[in-house]
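S.K.: This structure is in structure tokens; I'll ask about it shortly.
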Ligand code: SF4
């Protein structure tokens, strides 16, 4: 039985012995990506379990143990963790939690401390928490990000972005209802064994898989009825998590539109690049800037091959990161990188320039960084792109779902009207 050990600051650490015995609970933050991330982690000797609960009521657990002033993504993640531990019937005392830590200027950097405080209040303070970050914070002897794991995590994010994009491009037009979902299930089943390999240093392995997936999607029979495209942007958690955004993707698709969600990988590249930007502008370790810059270059090189394959099979592919960044020239400074920062503005412009002028900008209530780079940029964007049709939706513990739906419906009906007028 693994012993509880603390570091010099009194923090409970995740030990080597725990790695063998403990289950690591992972909050579901992005449905396409996290399934694969968990598979990748499990092939590297961890025992991770993805929390798939989508009942909004678990926010009550978050509200019970965390101050109600904190951002809704933290409230939901904390609620989801505590709810899962309480409901556990097996190995209740052998669970650890994993959470991302951004290290940026906003409250997301403190989610881990809030979670520790909440666990203590819930008398669960013997549960270790693993911080997943690129800055080397909070080391744990039982959890090491090796180059092999890093490559597998990279592949998981690439596949998640790919599946999200293909599903959204094909499902609204499928001839036989359910055929896209059926294909997804068979691909997911097949991907369960994909990460169980040692060929992490080669590119051919994943390239073949991407070809296979794109080909399978291209063979689905479709009816190309014109539909307006609606993009989703915003704070990372409420943008991707159905729990955070009340199943926004599904809601929009039911309204008869094609949904476009920008890739999650751009957010990671933006985080690395922001650090490089800070080091250049304010000083800092040059070696770190070089490593991060090389990482962005390497990831982009691999992603450009994915883009080529997607285009080869007739699908729209996301724009390269460098181009995305260039879109905000003269609109917002690229030093704006608290929360989603300039990336949020860039994503809106990219969507408009690529045929999706209708946008839902999701933001947690009281999320200042995203109100600045999101809602705060609407006027400027409207003046540059008069055809834009953007609605801001706030997500809060007390936000009315009906109110959210009314605002979304109004934006969608404008989207249909605009499409008709332009045709
Ligand atoms: S980006 Fe917004 S929601 Fe996320 S931690 Fe910062 S303030 Fe909170």
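The values are calculated or read from the model by the stated rules, or taken from the named source; none is laboratory data. In this text the structure is predicted, and so the values were computed from the model without any measurement. Cβ sites come from the backbone with ideal geometry, for glycine too, and all protein chains shown count toward neighbours.
S.K.: Sort out which residues of region 106-131 are away from the ligand (no atom under 16 Å from the Cβ) and in a strand (DSSP E or B), and write them in order of number.
M.R.: Hits for region 106-131 are 129, 130.
S.K.: Does residue 339 satisfy being touching a residue at least 60 places away in the same chain (Cβ under 8 Å), surrounded by fewer than 16 Cβ atoms within 10 Å (Cβ to Cβ) and on the phi > 0 side of the Ramachandran plot? Give the steps one after another, and end with the answer.
M.R.: Working: touching a residue at least 60 places away in the same chain (Cβ under 8 Å): yes; surrounded by fewer than 16 Cβ atoms within 10 Å (Cβ to Cβ): no; on the phi > 0 side of the Ramachandran plot: yes.
No; evaluated as a whole, the condition is false for this residue.
S.K.: Taking residue 192 as the residue in question, decide whether it is touching a helix residue (DSSP H, G or I) at 6+ places or on another chain (Cβ under 8 Å), touching a residue at least 40 places away in the same chain (Cβ under 8 Å) and within 30 Å of residue 45 (Cα to Cα). Let's see the steps before the verdict.
M.R.: Details: touching a helix residue (DSSP H, G or I) at 6+ places or on another chain (Cβ under 8 Å): yes; touching a residue at least 40 places away in the same chain (Cβ under 8 Å): yes; within 30 Å of residue 45 (Cα to Cα): yes.
Considered against the rule, which asks whether it is touching a helix residue (DSSP H, G or I) at 6+ places or on another chain (Cβ under 8 Å), touching a residue at least 40 places away in the same chain (Cβ under 8 Å) and within 30 Å of residue 45 (Cα to Cα), residue 192 comes out as yes.
S.K.: Of the conditions (1) modelled with pLDDT under 85; (2) touching a helix residue (DSSP H, G or I) at 6+ places or on another chain (Cβ under 8 Å); (3) at negative phi, residue 62 clears all except one; give me its number.
M.R.: Residue 62 satisfies all of (1) modelled with pLDDT under 85; (2) touching a helix residue (DSSP H, G or I) at 6+ places or on another chain (Cβ under 8 Å); (3) at negative phi except (1).
S.K.: Right, here's the next one. Going through region 140-150 one residue at a time, which ones are under 18 Å from residue 2 (Cβ atoms), assigned to a loop (DSSP other than H, G, I, E, B) and touching a residue at least 24 places away in the same chain (Cβ under 8 Å)?
M.R.: Pass one, region 140-150, residues under 18 Å from residue 2 (Cβ atoms): 140-144.
Okay, now just the ones that are also assigned to a loop (DSSP other than H, G, I, E, B), so 141-142, 144.
Hits for region 140-150 are 141, 142.
S.K.: Would you check which residues across region 356-370 are at pLDDT below 95, buried (at least 19 other Cβ atoms within 10 Å of the Cβ) and outside any strand (DSSP E or B) and list them?
M.R.: Those that are at pLDDT below 95, buried (at least 19 other Cβ atoms within 10 Å of the Cβ) and outside any strand (DSSP E or B): 367, 369, 370.
S.K.: Evaluate region 68-86: report whether one residue or more is within 16 Å of the ligand (Cβ to nearest atom), over 24 Å from residue 267 (Cα atoms) and at pLDDT 90 or above.
M.R.: Yes: region 68-86 contains one or more residues that are within 16 Å of the ligand (Cβ to nearest atom), over 24 Å from residue 267 (Cα atoms) and at pLDDT 90 or above.
S.K.: Okay, next question. Please verify whether residue 356 is more than 16 Å from the ligand (Cβ to nearest atom) and over 30 Å from residue 102 (Cα atoms), treating the condition exactly as stated.
M.R.: On the way: more than 16 Å from the ligand (Cβ to nearest atom): yes; over 30 Å from residue 102 (Cα atoms): no.
No, not satisfied.
S.K.: In region 91-105, how many are more than 16 Å from the ligand (Cβ to nearest atom) and touching a strand residue (DSSP E or B) at 6+ places or on another chain (Cβ under 9 Å)? Quick ask: steps written out before the conclusion?
M.R.: Step one: of region 91-105, the residues more than 16 Å from the ligand (Cβ to nearest atom) are 91-98.
In the following step, the residues that additionally are touching a strand residue (DSSP E or B) at 6+ places or on another chain (Cβ under 9 Å) were identified as 91, 94-98.
Residues meeting the conditions: 6.
S.K.: Show me the helices (runs of 4 or more DSSP H) entirely contained within region 198-277 in which 2 or more residues are within 16 Å of the ligand (Cβ to nearest atom). First the steps, then the outcome.
M.R.: Details: elements: 204-218, 236-240, 248-254.
Where helices (runs of 4 or more DSSP H) fall fully within region 198-277 and carry at least 2 residues being within 16 Å of the ligand (Cβ to nearest atom), they are 236-240.
S.K.: Next question, about the same structure. With (1) exposed (fewer than 13 other Cβ atoms within 10 Å of the Cβ); (2) over 22 Å from the mean Cα position of the chain (by Cα); (3) not assigned by TED's automatic domain parsing to the domain that holds residue 368 as the list, and residue 278 as the residue in question, which single condition is left unmet?
M.R.: (1)
S.K.: Out of 117, 92, 139, 86, I need the residue that is surrounded by 15 or more Cβ atoms within 10 Å (Cβ to Cβ) and at negative phi. Which one? Write out each step before concluding.
M.R.: Working: 92 fails: surrounded by 15 or more Cβ atoms within 10 Å (Cβ to Cβ); 139 fails: surrounded by 15 or more Cβ atoms within 10 Å (Cβ to Cβ); 86 fails: surrounded by 15 or more Cβ atoms within 10 Å (Cβ to Cβ).
Step by step, each of 117, 92, 139, 86 is checked, and only 117 is surrounded by 15 or more Cβ atoms within 10 Å (Cβ to Cβ) and at negative phi.
S.K.: Within region 245-265, can one find any residue that is within 25 Å of residue 56 (Cα to Cα), modelled with pLDDT under 95 and in contact with a helix residue (DSSP H, G or I) (Cβ under 7 Å, 6 or more places away or on another chain)?
M.R.: For region 245-265, residues within 25 Å of residue 56 (Cα to Cα), modelled with pLDDT under 95 and in contact with a helix residue (DSSP H, G or I) (Cβ under 7 Å, 6 or more places away or on another chain): present.
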